[in-house]
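Below: one structure, written as structure tokens.
Since every read-out is calculated from the coordinates, none of them should be taken as a lab result. Bear in mind that the values here come from a model prediction, so they are computed numbers and not experimental data. As a convention, Cβ positions derive from the backbone with ideal geometry for all residues, glycine included, and neighbour counts pool all protein chains shown.
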Amino acid sequence: MTPGDLWGWGRFGDDQLLPLSFDDIRRDATAARAGLRSLALPSDAKVVVVSTVAEFGHFWPLLQAAHDLGYVTSTADATPYDAGRTEMFCRLLAPSAVIGVDDAVLDGLEAFGLDPGSVFAGVPRVVARGRAVNRLRDAGVGALRWVPLGPTTAMDCRHGHLHFDHRQWRVESAGGRVVLSSTVERAYPVEHLSTGLVGTVRAEACPCMRSDPTLELTVPA
């Protein structure tokens, strides 16, 4: 890869830099389109994506995919201080989906005196990550999951099945631990990278019609 091929840098884990090529981003956007289609959003959907700048390696392909599908997108920072903007979008835009909600956002909403269950009650598809998934479910919101897998991600379809992109990645269960290998040339290739997750891979057909396999996690991400 020459310097001109480098799209930019992202991050995975706490401090691992992630170089990304233009080809990586293009393929990741293709996978993200399949993920968005599996949510069964309307053709004129409004989608709010919540992330940090350091996470754009994971979230930019999702934004690109939403644009490619003709959706209207808005972004907010996944920080407590910007949680008010997420609430504003939910209240004024009536989005079809909010993707990327995490603990920081929920903490920020509560600090502003806002109830997360009420904020997201009218959003058809709320995709959250980490402990925010169960916090939202406990608040009565049917949250779907967004799960980082090292340099890639998995996301629930509308049926709650956690899909990953099998065209670029081989995901296996080794002794119950989920490991990741890249199967195409990438700026950051990996081989049997531990994802820190525990679970198994399922190849059964999904009602959402997405062809990618699914992960069944034994321990919640």
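Sorting 95-101, 38-44 by average packing, meaning the other beta carbons within 10 Å per residue, from highest down gives 95-101, 38-44. Each label was represented as a point 7 Å from its Cα along the Cα-to-Cβ direction; for Glu110 and Ala174 these points are 3.8 nm apart. Between Val105, Val123, Val50, the residue with the greatest mean-square fluctuation in the GNM of the chain (Cα pairs under 10 Å linked by springs) is Val123. Which of [x] 27, 20, 17; [y] 29, 19, 16; [z] 33, 23, 15 is the computed semi-axes √(5λ) of the Cα gyration tensor in Å for the structure on display? It is the one labelled [x]. Seen from Ser181, the other residues with C-beta closer than 12 Å to its C-beta sum to a net charge of 0, counting Lys and Arg as +1 and Asp and Glu as -1. Remark: the Val72-Ser194 segment gains 40.4 nm on full extension, using 0.36 nm per residue and subtracting the alpha carbon distance. Other residues with beta-carbon under 12 Å from the beta-carbon of Thr30 carry, at +1 per Lys or Arg and -1 per Asp or Glu, a net charge of -1.
Here the gap between Ala203 and Leu217, fully extended at 0.36 nm per residue and compared with their Cα-Cα distance, gives a gain of 3.6 nm. Near Pro95, once Lys and Arg are set to +1 and Asp and Glu to -1 for all other residues with Cβ below 13 Å from its Cβ, the sum equals +2.
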